[in-house]
Each structure stands twice: as structure tokens, then as C-alpha cells.
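Visitor: Mind having a look at this structure? Questions to follow.
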Amino acid sequence: MTKYRVAFINAGTRSFRFQEYDLSEVRGPVSLGVKLHREVYESWKKPVYHPDNALVIGTGILAGSKLYGVHRLVTVFRSPLTRGLHVAAMGGAAYQFRVDLHAIVVEGRSETPLVIKLIGKDRRTEILFEEISEDTLENVWRGYRGLKGVYALTKYLVDREQEVFSATSARSIVVGPAAKNTSMGALFSATVFRGEIDFGSEDLAARGGPGSVLYRAHGVAAIIYGGDFDKIVYQPDLLRDIKSINEYFGKKLGKPYLNLVIESGTKYRFDPKLNTGGTFGSNYPHLRIQTPMFNWNMIYLPADVREKIFGILMRYYWEPFNKEAIETKSWKTCGEPCPIACKKVRKGMYKTDYEPYNGLGPIIGVFDLHEAERLVELADAYGFDAIELGNLIAFVFEAVDRGLLKPEDVGLHTRPFFNPYNYSIEYSKLNAELAEKVIESLAWGTNNILRLIGERGLRSAAKILDVLYRERVVEKNTRFIDLLVYASFGEEGHITPNYYWTPGMVAPLPVLGRYWTLYSGVFLEPEEYAAKSYERAVMELMIDDSGVCRFHRGWAEKILASLYDEAYGLKDTLLYYKKLYRLLAEYQSNVAEPALWESKKIFDFMASAAQEYANKTWSEKIGREGYHAIVEWWARFKKKFEELVYSA
């Protein structure tokens, strides 16, 4: 049986060691990360930027096989936002991870920014360390050969390490200034062809702040990896050629493998019913007037106003996307061979996905695609989590609009236009210009209020602002915390929910900010909702630990258990992941237990969801009992969810 091979790399001592784990114990990067943080590092006992906040970066055991969509690099770390363990992933980045390893674990801290290099030569992995001065790093981030931030650092490394990149088809993982100056820094990776970045295929592991952990806990600015090792040697015969795979899938699921891949990925490739594709193209026609907008304030708007705004969105946001990305068939993959080609790329370089474009578009009052485009590109360049960043800017905009903050408090020259009743497309330009200033200030830490929010996170910072501006809070009869929508953990932890108006994104689950929940537009009895959310959480955990892309989950969830059994001899896969989820929940209970929200807006979010999704029983109950009914729903959900978790 294949072992799960790991390199432990200490950034402080510039040393490394190798270790192997039986697959019965560790099957992937998430199971490895949970084990290490619980049993070795006990990271919940230490500050979040302690050198023992080990950052796990790894592949699933399917990497190297001839299956599609199995080359995600998955990261596990203690998040500076949630304060608990978190998981983030980037598509395709494991395709060039051609070293005799499944994962690396970064521990220790370098006092000088560090570049780690992993070079695979047959079955030997060479690990090298090179320093880069802080001044050089910042200068590169500010601009190198016409690029900035993570793009500039990637190109700088390619030029500096030409032999490595050309000889080994190497790839890099880098951070930007957001990792240095905020707690929502991402990890960025792009495919490199002949010394140039392949724009549009790049991806980020962003949720929860893994880039901030890599840089601030470990002093690592970049990791370069490549080599000539082919992970096909890890694979059983069943997964070494497409003919065997087709036969297996035909026997198990009744269809050839490629047919199943295309069918399960219709939304992400091209949906003929909608005449569009990708998350951006498919989500807006599906969500329609339930699309999160104006700092989630669509929950207060009547349907006719939401219809008007949605009309603006479709005309100036969705239609240009379809024209520039779908009609041109400008589609790419994330860097690994894949027939879904989910990256919808405009103008030859702008990959356009729903989450970042909604976060730096409708949620901040920007509905012009080309205004949002420059914000998303700037956020990506500086290495931000665009979902978290969008929620932060929206919070700042509403605070300024309501008079809780003055424009000059956050380095702005005027107020944003944040009134949906009188909104017209012309206001997109103003809001985008102001958002750009906020992004620049956050990235470089030049404004005290924005730095506070970027460092502490929205929930913690909002409580501090309630104290700092107590007179304004009293005068306006509105708290800063009441402007927020977030998932809540412990005393200070939070994460911005994915942009869906659904209770599952803020319900009391151990891990959120990912799709480890039921996120369809429904409002169910709390026990039923908890059961469905638990089922989804376990399946999504299995997908992440396997290094499988979510866009392939349609076929993967149906077959992974039997595939693990027949290909690797691994039994009881579903039970394994239920137990792993329990271990993860136990870790969170030490430091990031799901907590009841403090924000009035989240209670309104829940109350309006009950009405929007036509749950008459709960709508009437909330009408009679007010927020007490929502507290009851939360408590009953949590009780049922914990019963399911701890019975595994």
C-alpha cells in the first residue's frame, strides 16, 4: 500500500525531515493537518502567528492518476480570522508538484523573508533555502516588469530561477503585501509557460488567511517546486490508464468516465439551458433577486427594488461577461488537463468567477463589470481573499454612509453611493474608485482604522470601533457590529460567508467560509437543516482531503468510497471522514466553538430568509417571538448537529 509521504520544513533552522504515514491513518492533507495540530503542535494553546501554527500544503492520494480534477493543492492551518483550524485550496497547483512527496509542513519562523525550493530528482527531493531582503520583497511587490504584488513576485522568481523553472516545469506559491499587513492574505499560484505567467489559469488558496500564516508565522514569502518525479508510480493499475478507468466507471456508474465528467461539470463548463457557463455565468441567473448586494442589505428591500437592481446587474455585469468570455469561448483550465475548462477568461487574461466578482461588485455597490474587473485584479495582485475583502469594504462603505465613520477616517475624499432605491449604473465608478483606495490602504497598512480591521478581522474590529466611536454609535442608534454578516466562532473569530443568502452559511458549524454545509436557498426545521448540513460537510471534507476539485464532486462523491476500497484497499471511507470531522470539531471546541451572532443584521438575515423561502411556520413564529425564535432555531440546530458529529 502507498504511504503518505511528508516533508517537515523548519523555516527557522533551515532544516527538514521526511516522514511516512500509513493511509489507514492519513489519507490526505486535511487528515494530516488535523492530526498534527491536535497531537504534535497543540496549536490552539498558542498565539495564531506562533511558529507552531504549522501550514500543511498537500495533495490527495489520487494525484498522479489519470483522473481529472484531482490535482488541487490543499492547505490546512489555524486561521487568524476564525481562530480555529481552516482549509483552503487552489486548483491545478499540484499538477507540477513533481516531487516524491504528498505534502509539506512548514514550521518554525525565519526572521528574514525566505524562499523555499523543492526539486524532485527521481525519488530524491532536494530542499533548498534562499533569503530575500524585506526591502527587495516590498520593491518587487510594488512593481516589477510592469506587474505588481503576487504577479510581480512570481515573475521575479521565474527570472531569478530560470534554470529551475525551465528544467523542472516548476511552479511557485507566493504571498503578497496583504499577507504582511492583514490577516486575510492568500496563497497565489500560477502556471508558467516558457518563462511567462499564463494569465487566466492562476488560482488562490485564500479563505481564512493561509498567506498571512505562511508569511507572519513562518517568514516564508514563496515556495518553488518542480521536478521529474511522476506520481503515477504511486497509483494502482486501475488508475494508470484511461481505458481501465472507463471500464471501472462503466461498471460502477453505467457510463463512460468522460461522459460523467462532462455531465457533472455542466454548470462550470457550459450550460445550454442558460447559454452560459462558469460560476459567474450560472450563478446570477439562478440567484436572481436573492443575490447578495449592498453589504447584504438586499434582505431589507422589497422585491420590486431588487428586481430593478438585478436588471442593472444583468445588463452591465452579466451580459458583458457572456459576450467577452462565453461567446468567444475563451476558456482555460486551472493548470491540469481537464475537459471542464471552468476558467472563463475575458480579454485574454481576466478570469471571472462569481465569488470574487460579487464581493468586489454588487456587495459594494459596483455593477459595471469593467469597474469591478480592476478591483478584482488589484485584490488578487496584492494577495487578498477577495470574499473577505469585499465584505470588509462593504462594511466600511455602510459605516461611512450611515455616519458612523467619516470618509477621512478611512482615507476617502467622499462618501460612497449606497442607496439601492436611487441607484443607477453611473455610481459604480465612484464606488470602485473609493474601493480602490481602501484596497491600497489595506495592502500597505497606511490607515489606522483600516489596519485595525485588516489585522483583527471584521467581528473583533467592529467591537473595538463600537467603543472608540461610542458617541457616534449613541447618536446614530446603530452599532458597528450590527452592520455585519459573518459566521461566528469563539469570542473573536469570524469568517465572511460565501455569497449566498442562506442559513447554512452562518449556522453553527465547526468550519464555514467553505461549502461544508447545505447552501441551497431553503429555510428548514433546524434538525432537518442540521442533518443535511452534516451530510454535506462530511462529503465536502472527503473531497478536500482527496484533493479533488469541487467541480468534479458530481462523479467523485458517488465513487470515491468504492475506488478507495478497490484501488487502495481502504475500507469504510464514509466512516473515516465522519471520525475525521469529529476530530476537527473537537479541536475547534478548544478555541473556535461556533458562537451565537452579536449582529442585528444576521438575525434579520435569518428572519428574512424564512420569509423569502416561504417557511410559513418559522415566519409566523419569528413574527410573534422576534429574535428569541431565531435563537431557538440556532440552539436546536447546534444541538442536533453536535449529536450527529459526536455519535460517529
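The values are calculated or read from the model by the stated rules, or taken from the named source; none is laboratory data. Everything numeric here is computed off the predicted structure, so don't read it as measured data. Neighbour counts are summed over all protein chains in view; Cβ atoms, including those assigned to glycine, are modelled from backbone coordinates with ideal geometry. SASA here: full protein model, heavy atoms, side chains in, ligands and nucleic acids out. Shrake-Rupley method; radii C 1.70, N 1.55, O 1.52, S 1.80 Å.
Visitor: Can you find a residue that is at positive phi and in contact with a strand residue (DSSP E or B) (Cβ under 7 Å, 6 or more places away or on another chain) anywhere in the range 183-196? Spell out the reasoning first.
Guide: First pass over the range 183-196, keeping only residues at positive phi: 194-195.
Applying the additional criterion that residues be in contact with a strand residue (DSSP E or B) (Cβ under 7 Å, 6 or more places away or on another chain) yields none.
Checked against the condition, which is being at positive phi and in contact with a strand residue (DSSP E or B) (Cβ under 7 Å, 6 or more places away or on another chain), the range 183-196 yields no hits at all.
Visitor: Would you mind telling me which numbered condition in (1) surrounded by 24 or more Cβ atoms within 10 Å (Cβ to Cβ); (2) under 21 Å from R415 (Cβ atoms); (3) of a type outside the set (A, V, I, L, M, F, W, C) D385 fails?
Guide: D385 satisfies all of (1) surrounded by 24 or more Cβ atoms within 10 Å (Cβ to Cβ); (2) under 21 Å from R415 (Cβ atoms); (3) of a type outside the set (A, V, I, L, M, F, W, C) except (2).
Visitor: What number of residues within the range 171-193 are more than 19 Å from I132 (Cα to Cα) and among the hydrophobic types (A, V, I, L, M, F, W, C)?
Guide: Selection size over the range 171-193: 5.
Visitor: Also, quick follow-up: Return only the number of the condition from (1) open to solvent by less than 30 Å² (accessible area, probe 1.4 Å); (2) out of contact with any Phe, Trp or Tyr (no Cβ under 8 Å at 6 or more places or on another chain); (3) hydroxyl-bearing (S, T, Y) that S589 does not satisfy.
Guide: (1)
Visitor: Of the numbered conditions (1) polar (S, T, N, Q); (2) surrounded by 24 or more Cβ atoms within 10 Å (Cβ to Cβ); (3) within 30 Å of L258 (Cβ to Cβ), S65 satisfies every one except a single condition; which is it?
Guide: Condition not satisfied by S65: (2).
Visitor: Something else: Can W597 be described as hydrophobic (A, V, I, L, M, F, W, C) and farther than 30 Å from P29 by Cα? Please lay out each step first, then the result.
Guide: Numbers: hydrophobic (A, V, I, L, M, F, W, C): yes; farther than 30 Å from P29 by Cα: yes.
Criteria met by W597.
Visitor: Between K558, K571, which is of a type in the set (K, R), under 27 Å from L258 (Cα atoms) and free of Cβ contacts under 8 Å to residues at least 12 places away in the same chain? Talk me through it step by step, then tell me what you get.
Guide: Numbers: K558 fails: free of Cβ contacts under 8 Å to residues at least 12 places away in the same chain.
After applying the criteria, what remains is K571.
Visitor: Is it true that some residue in the range 53-63 is at pLDDT 95 or above and more than 22 Å from the chain's Cα centre (by Cα)? Can you show your working first?
Guide: Going residue by residue through the range 53-63, those that are at pLDDT 95 or above are 53-63.
Within this subset, residues satisfying the condition of being more than 22 Å from the chain's Cα centre (by Cα) are none.
No, that holds for no residue.
Visitor: Select from the range 11-45 the residues that are open to solvent by 10 Å² or more (accessible area, probe 1.4 Å) and among the polar types (S, T, N, Q) and write down the one among them that is farthest from H71 (Cα to Cα).
Guide: T13
Visitor: Being in contact with a Pro (Cβ under 9 Å, 6 or more places away or on another chain) and among the polar types (S, T, N, Q) is the filter here; which residues of the range 534-569 pass it?
Guide: Answer for the range 534-569, where residues must be in contact with a Pro (Cβ under 9 Å, 6 or more places away or on another chain) and among the polar types (S, T, N, Q): there is none.
Visitor: Could I ask something else about it? Quick one: T414 ticks every box in (1) closer than 24 Å to D353 by Cα; (2) over 18 Å from the mean Cα position of the chain (by Cα) except a single one, so which number is it?
Guide: Looking at each condition in turn, T414 falls short on (1).
Visitor: Within the range 330-369, take every residue that is farther than 24 Å from P256 by Cβ and among the β-branched types (V, I, T) and give me the one that is surrounded by the most Cβ atoms within 10 Å (Cβ to Cβ). Break it down into steps so the answer makes sense when it comes.
Guide: Of all residues in the range 330-369, those farther than 24 Å from P256 by Cβ come to 330, 332, 335, 343-369.
Still in the list and also among the β-branched types (V, I, T): 345, 352, 363-364, 366.
Numbers: V345: 21, T352: 25, I363: 27, I364: 32, V366: 29.
Ranking the candidates gives I364 first.
Visitor: Under 6 Å between Cβ atoms, at least 6 apart or on separate chains: pull out the pairs that start in the range 592-607 with a residue that is aromatic (F, W, Y) and end on any residue that is in a loop (DSSP other than H, G, I, E, B).
Guide: Short answer, once both residue conditions are applied: F605/V485.
Visitor: Take the conditions open to solvent by less than 50 Å² (accessible area, probe 1.4 Å) and either more than 20 Å from L260 (Cβ to Cβ) or touching a strand residue (DSSP E or B) at 6+ places or on another chain (Cβ under 6 Å) (or both) and apply them to Y577. Does it pass? Even if it seems obvious, please write down each step before you answer.
Guide: Working: open to solvent by less than 50 Å² (accessible area, probe 1.4 Å): yes; either more than 20 Å from L260 (Cβ to Cβ) or touching a strand residue (DSSP E or B) at 6+ places or on another chain (Cβ under 6 Å) (or both): yes.
Yes, satisfied.
Visitor: Regarding G254, is this residue open to solvent by 30 Å² or more (accessible area, probe 1.4 Å) and on the phi > 0 side of the Ramachandran plot? Reasoning before the result, please.
Guide: On the way: open to solvent by 30 Å² or more (accessible area, probe 1.4 Å): yes; on the phi > 0 side of the Ramachandran plot: yes.
For G254, the condition - open to solvent by 30 Å² or more (accessible area, probe 1.4 Å) and on the phi > 0 side of the Ramachandran plot - is met.
Visitor: Could you say whether any residue in the range 279-302 is among the aromatic types (F, W, Y) and modelled with pLDDT under 95?
Guide: Step one: of the range 279-302, the residues among the aromatic types (F, W, Y) are 280, 284, 294, 296, 300.
Narrowing the set further to residues that are modelled with pLDDT under 95 leaves none.
Within the range 279-302, not a single residue is among the aromatic types (F, W, Y) and modelled with pLDDT under 95.
Visitor: Given the structure, is V106 closer than 25 Å to S546 by Cα, open to solvent by 10 Å² or more (accessible area, probe 1.4 Å) and hydrophobic (A, V, I, L, M, F, W, C)? It would help to see each step written out before you state the result.
Guide: Details: closer than 25 Å to S546 by Cα: yes; open to solvent by 10 Å² or more (accessible area, probe 1.4 Å): no; hydrophobic (A, V, I, L, M, F, W, C): yes.
No.
Visitor: Which of the residues spanning the range 305-333 are aromatic (F, W, Y) and farther than 19 Å from K273 by Cα? Explain how you work it out, then say what you get.
Guide: First pass over the range 305-333, keeping only residues aromatic (F, W, Y): 310, 316-318, 321, 331.
Hits for the range 305-333 are F310, Y316, Y317.
Visitor: Given the criteria more than 21 Å from N322 (Cα to Cα) and surrounded by fewer than 22 Cβ atoms within 10 Å (Cβ to Cβ), does N297 qualify?
Guide: Details: more than 21 Å from N322 (Cα to Cα): yes; surrounded by fewer than 22 Cβ atoms within 10 Å (Cβ to Cβ): yes.
The answer is yes for N297.
Visitor: Tell me the residue from A530, A487 that is crowded, with 23+ Cβ neighbours inside 10 Å, over 22 Å from R207 (Cβ atoms) and among the aliphatic types (A, V, I, L, M), please. Break it down into steps so the answer makes sense when it comes.
Guide: Values: A487 fails: over 22 Å from R207 (Cβ atoms).
Criteria check complete, one pass: A530.
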